[in-house]
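Worksheet: one structure, shown below.
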Amino acid sequence: METKPDYNRISASQNFKQLMLKKKRFLFPMTLFFLVFYFLLPVLTSYSKVLNEPAIGPISWAWMFAFAQFIMTWALCMIYSRKSVQFDKAIEEIKQEAAGRKQA
């Protein structure tokens, strides 16, 4: 019969605290950047004329900025996917530690 993990002990462990700190340091700036970049388009188009200027022929800077948002979303997804591998390794170590059979 498998026993349930002691979640209080896990959350108090140094490895868990380090993981949470690393995740916060990574996710907070990425989330802030995403939100600023995302909401900048409607704010700039509503309150300024800077994006109404032509960029390439009849295509305005507003369209270029909107297209850049797709690129930014894909880039952030790729960055997070690569970083999540490190988080997954740390999670596995925490799980092994909690199970009492730390991997060598």
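All of the numbers you see were taken from the coordinates with simple rules; none came from a lab. These figures come from a predicted structure and were not determined experimentally. Here the Cβ is made from the backbone with ideal geometry for all residues, glycine too, and neighbour counts use every protein chain on show.
Brief remarks follow.
- Ala55 vs. criteria of a type in the set (A, V, I, L, M), out of contact with any Lys or Arg (no Cβ under 8 Å at 6 or more places or on another chain) and under 30 Å from Ile94 (Cβ atoms): no
- Contact annotation: residue pairs with Cβ atoms under 9 Å, 6 or more positions apart or on different chains, pairing a residue in segment 8-35 that is within 17 Å of Lys89 (Cα to Cα) with a partner that is part of a helix (DSSP H, G or I) and polar (S, T, N, Q), are Lys17/Ser11; Met20/Ser11; Lys22/Gln86.
- Residue in segment 59-69 that is among the small types (Gly, Ala, Ser) and exposed (fewer than 11 other Cβ atoms within 10 Å of the Cβ) present: no
- Among the residues of segment 36-54, those identified as in contact (Cβ under 8 Å) with a residue 12 or more places away in the chain and not aromatic (Phe, Trp, Tyr) are Leu40, Leu41, Leu44, Thr45, Leu51.
- Put simply, of Val50, Val36 the only residue that is farther than 29 Å from Thr3 by Cβ, surrounded by 10 or more Cβ atoms within 10 Å (Cβ to Cβ) and out of contact with any helix residue (DSSP H, G or I) (no Cβ under 8 Å at 6 or more places or on another chain) is Val36.
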